[in-house]
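Worksheet for the structure shown next.
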Amino acid sequence: RLSPSAGMLLVTLFWGGNFTATKLAFAQIEPLAFTALRFLLATGVLWAILRVVEPDPAPLPPGAAKKLIWLGVVGNTFYQLCFIEGLARTSATKSSLILAGMPAIVILATWLLGIERTTVRQRLAVLLATIGVVIVVTARGGTLGEGFTAGDAMLLGAIVTWAVYTLLLRHWRIPISSLRLTAWTMYTGTPGLVLLGIPQLLRTDWARVSWAGWGGILYAALLSLV
């Protein structure tokens with residue numbers, strides 16, 4: 001079994017590569033079509049994994065269904081729309097720099113709202129990590145480009161929606177397994193993304209999508225999501 005720290009390190013590595021994988025796919029697949037297909041694939045795989053790991057789950061706790069719908073819509077539908085449309089309108093470098101502020105926003109919000117207690121050392125660590133991302137990316141030739149754009153605003157919206165999702169998740173503490181909770185938020189968040197992506201899905205010439213496009217979808221679905 002992985003320790004929590006090792007698991008979170010893998011999440012960081014997978015999500016870090018998601019910017020490049022998604023950008024590669026965008027060269028051949030429109031953003032909403034990419035997102036719809038990505039979430040359909042990930043939802044199906046998660047459903048299969050859940051059936052194996054928890055073949056006979058107990059019924060959802062009273063009141064949990066409504067909360068899971070909210071979590072799915074906020075954490076998947078709204079967040080992904082902001083993220084994917086923002087990423088499509090700005091560079092992977094700027095996207096990674098903007099989203100690097102997400103941990104700081106979440107830590108600050110949980111501290112101010114009293115959801116979790118944080119120490120000065122933890123807050124300084126998050127600040128240091130955020131500054132470190134900026135230094136590393138810019139030192140490797142990254143740039144903030146042409147000022148503040150609509151894509152940047154959408155990515156800031158993604159930070160806000162993810163912070164709200166995280167706060168709701170911690171506040172409600174739904175008494176089900178983390179795997180089941182993740183699967184249910186995918187079930188409730190995916191329909192909206194698929195409906196919005198139908199027009200682009202229908203006009204995409206899938207025969208022309210290369211290995212890079214399909215590879216981007218597989219990476220984003222199986223690693224970044226599942």
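The values are calculated or read from the model by the stated rules, or taken from the named source; none is laboratory data. Worth saying up front: this structure is predicted, and the values here are computed from it rather than measured. Using ideal geometry, Cβ is built from the backbone for each residue, glycine included, and neighbour counts are taken over all protein chains shown. Surface accessibility is based on the protein's heavy atoms, side chains included, excluding ligands, DNA and RNA. Shrake-Rupley method; radii C 1.70, N 1.55, O 1.52, S 1.80 Å.
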In terms of the alpha carbon gyration tensor, root eigenvalues a ≥ b ≥ c, rounded if a/c is under 1.5 and otherwise prolate when a/b exceeds b/c or oblate, the chain is oblate
Could I have the simple spin-label model distance between I198 and V45, label points 7 Å from Cα toward Cβ, reported in nm to one decimal?
2.6
GNM, the chain, Cα, under 10 Å: largest mean-square fluctuation among I29, I159, I131?
I131
For the range 163-178, just list the computed ³J(HN,Hα) in residue order, Karplus coefficients 6.51, -1.76 and 1.60, θ = phi - 60°, integers in Hz, with x standing in for Gly and Pro.
5, 4, 4, 4, 5, 5, 4, 6, 6, 6, 6, 5, x, 9, 5, 5
Hey, can you grab everything whose amide H is under 5 Å from the amide H of I174? Only 5+ residues off in sequence or another chain; H modelled, so Pro and N-termini drop out.
none
Cβ-placed point charges (K, R +1; D, E -1), dipole of the chain about Cα centre in debye, nearest 20
420
Label-to-label distance, nm, for residues given as S177 and A125 (7 Å Cα→Cβ offset):
2.9
Provide the FRET efficiency to the nearest 0.05 for the A27-L222 pair, computing r from the beta carbons and using R0 = 22 Å.
0.65
If unit charges are put on Cβ atoms (+1 for Lys and Arg, -1 for Asp and Glu) and the dipole of the range 1-103 is taken about its Cα centre, the option from G101, T22, P61 lying farthest towards the positive end turns out to be G101
At 1.4 Å probe size, with every protein chain present, just tell me what the per residue accessible area of the range 12-137 comes to in Å².
53
Honestly the range 59-103 on the Cα gyration tensor test (a ≥ b ≥ c root eigenvalues; a/c under 1.5 rounded, otherwise a/b vs b/c for prolate or oblate) is just prolate
Using the heavy atoms of the protein chains alone and a 1.4 angstrom probe, what is the accessible area of the range 152-226 per residue in square angstrom?
51
What's the carbon and sulfur percent of the range 43-184's accessible surface, probe 1.4 angstrom, rounded to a whole number?
70
The range 195-226 and the range 64-82: distance between their alpha carbon centers, rounded to Å
21
Which order do the peptides 180-192, 49-61 take when ranked by the mean count of other beta-carbon atoms within 10 Å per residue, highest first?
180-192, 49-61
